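Input: a single structure, listed below in structure tokens.
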Amino acid sequence: MVSRELQLTHLELSIVLTNDDTIRRLNAAYRSLDAPTDVLAFAMREGEGGHLHGALLGDVVVSVERARAQAARAGRDVLSEVTMLVVHGTLHLLGWDHDTRPKDVRMRAETARLCRLARVRRKGASKHPGGPGGVPRA
């Protein structure tokens with residue numbers, strides 16, 4: 001549902017679920033920040049040679065360890081937090097950013113809207129395990 005909403009049905013996206021140590025190393029290597037973070041997005045269609053990647057949108061890397069801690073602090077379940085981080089990272093791959101206050105407000109609103117769609121999908125999926133919609137997808 002979310003992929004259709006974002007018109008991603010013909011694009012490839014990789015999602016990596018990892019831990020704080022791995023995402024810290026990636027953050028240090030690619031952003032020169034030697035600290036763990038919750039999500040990183042690596043766009044394949046940007047920069048030099050971006051046009052060569054066709055349907056490859058990019059990679060979203062989520063620290064489940066960080067998501068678990070953030071979910072506990074916010075009183076949410078881990079799946080909702082991971083879903084939010086995947087949506088947030090995917091929006092970055094599509095060119096969204098939050099480097100100004102207006103962009104941040106807009107991106108947060110879009111993230112929340114897409115997470116609501118994902119929750120509706122998950123609730124419907126639980127009624128038909130193994131059938132259409134039986135596996136939640138972000």
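Evaluate the following for Val120: is it farther than 20 Å from Phe42 by Cα, β-branched (Val, Ile, Thr) and either out of contact with any Cys (no Cβ under 6 Å at 6 or more places or on another chain) or at pLDDT below 95 (or both)?
yes
Looking at the stretch 39-72, which of its residues are surrounded by fewer than 12 Cβ atoms within 10 Å (Cβ to Cβ) and either part of a helix (DSSP H, G or I) or touching a residue at least 12 places away in the same chain (Cβ under 8 Å) (or both)?
Of everything in the stretch 39-72, those that are surrounded by fewer than 12 Cβ atoms within 10 Å (Cβ to Cβ) and either part of a helix (DSSP H, G or I) or touching a residue at least 12 places away in the same chain (Cβ under 8 Å) (or both) turn out to be His51, Leu52, Ala55.
Name the pairs whose Cβ atoms lie under 6 Å apart, with the first residue in the stretch 78-97 and under 12 Å from Ala67 (Cβ atoms), the second in a loop (DSSP other than H, G, I, E, B) and at pLDDT 95 or above, and 6 or more positions between them or separate chains?
Leu85/Asp38
Could you check, for the stretch 11-26, whether at least one of its residues is in a helix (DSSP H, G or I), modelled with pLDDT of 95 or more and of a type in the set (A, V, I, L, M, F, W, C)? Reasoning before the result, please.
Of the residues in the stretch 11-26, the ones in a helix (DSSP H, G or I) are 20-26.
Then keep just the ones that are modelled with pLDDT of 95 or more; that gives 20-26.
Next, only the ones that are of a type in the set (A, V, I, L, M, F, W, C) stay: 23, 26.
Checking the stretch 11-26: at least one residue is in a helix (DSSP H, G or I), modelled with pLDDT of 95 or more and of a type in the set (A, V, I, L, M, F, W, C).
With the condition kept exactly as written, say whether any residue in the stretch 31-38 is at pLDDT 95 or above, part of a helix (DSSP H, G or I) and surrounded by 11 or more Cβ atoms within 10 Å (Cβ to Cβ).
Looking through the stretch 31-38, at least one residue is at pLDDT 95 or above, part of a helix (DSSP H, G or I) and surrounded by 11 or more Cβ atoms within 10 Å (Cβ to Cβ).
Within the stretch 39-59, which residues are at pLDDT below 80 and within 16 Å of the chain's Cα centre (by Cα)?
Matches in the stretch 39-59: none.
The values are calculated or read from the model by the stated rules, or taken from the named source; none is laboratory data. Just so you know, these numbers come straight off a predicted model, no measurement behind them. No Cβ is skipped: glycine too gets one built from the backbone with ideal geometry, and neighbour counts run over all protein chains shown.
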